[in-house]
Amino acid sequence: MSPLDPPARLVVHDFGLEEPAAPTLILLHGLTDSGRCWGDAVDRWSAHYRIAAIDALGHGRSPRFSDEQLAEEPAEQLYAATIATIERIEAGGGPAVLVGHSMGGAMAAAVAARRPDLVLAAVLEDPAWLPVEEVPADGRVIGPGWLETHERFVANPVRELALGRLEHPAWPEQEMGPWAQAKIDTDPAFLAAGVVLVRDPWPELVARLRCPVLVVTGTENTIIGRSRATLDAIGNPAIEVVAVDEAGHCVRRDDGDGFHALVDPWIAARFGEASAA
């Protein structure tokens, strides 16, 4: 992999407590979302944690991919930019709890496996651990639908936002606008390239995880539902899997109360354990 030239400085949206040493949550969003797409969760967590929500490379207001980055392992370039940003966020404080959704969940797991010094614990919301038999040899797994979605939102954002509200009536209203804008703001060259996975297959990364990991999924049309047999076969005791009934891939949006009833006490316990150590 070629180094980032210059290293991408990702945009970080800061919420909650302001002290660098405060217990910190670092939020990693999914494909075509942004750091602004966590509004409901941020409202629930802001009184207790310092929160840093990252715009991934090629998303939100962060830099776009260069032609060279797209040609040479763009998923690893995304990872490298994420690592550099986490190091910057954690300067002056301790390791954080990473919370990631889909692509961000897979990225959080990769960070925890490769750089355990940066991660106290991780919450993975239906991470993008695709069934291994569905991953092409070159790892380019993003289909043309993502680029088509971007183009539809660019062409008629008002219509697409209205359709999104109809399709997802349970989603928090405060997240709908940022969700729609993020579709417009995603780098179309990245979507067209078809890349989302780091070079290590996710089962290898999962086997290496040692920090506490909570995988939160739903029961309707989830990624983990199709990969659960592989995950269970790994048998890593650091990983706990819980499900929210009738929620889908976007668990926290489909059932925010159900998601937070599972996740919030688990996060608090991890910081409590760290303080007692």
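Listing for the model above:
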item	result
Relative contact order, percent, region 17-106 [alpha-carbon distance under 8 Å, six or more residues apart]	45 percent
Principal axis dimensions, largest first and in whole angstrom, of region 104-208 by Cα	44, 31, 22
Label point at Arg199 placed 7 Å out along Cα→Cβ; residues across region 126-151 whose backbone nitrogen lies under 15 Å	138-140
Residues in region 231-248 that a label on Arg210 would reach, taking backbone N under 14 Å of a point 7 Å out along Cα→Cβ	237-238
Model label zone, Glu173; criterion: amide N under 17 Å from point 7 Å along Cα-to-beta-carbon; scope region 22-41	39-41
Prolate/oblate/rounded label for region 43-193 (Cα gyration tensor, a/c 1.5)	oblate
Theoretical FRET efficiency, 1/(1+(r/R0)^6), r = Cβ-Cβ of Glu68 and Asn156, R0 41 Å, to 0.05	0.80
Extended-chain gain in nm, criterion 0.36 nm per residue less alpha-carbon gap, Arg140 and His48	29.2 nm
Environment charge at Gly35 (Cβ cut-off 9 Å; Lys +1, Arg +1, Asp -1, Glu -1)	0
Accessible-area composition of the chain, carbon plus sulfur, in percent [1.4 Å probe]	54 percent
Computed over the chain, the ratio Rg/Rh where both radii use C-alpha atoms and Rh is Kirkwood	0.93
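The values are calculated or read from the model by the stated rules, or taken from the named source; none is laboratory data. It should be emphasised that the depicted structure is a prediction, and the values quoted were computed from it without experimental measurement. Every residue, glycine as well, gets a Cβ built from its backbone with ideal geometry; the counts of neighbours run over all protein chains shown. Quick note on the areas: whole protein, heavy atoms, side chains included, nothing else; ligands and nucleic acids left out. Shrake-Rupley method; radii C 1.70, N 1.55, O 1.52, S 1.80 Å.
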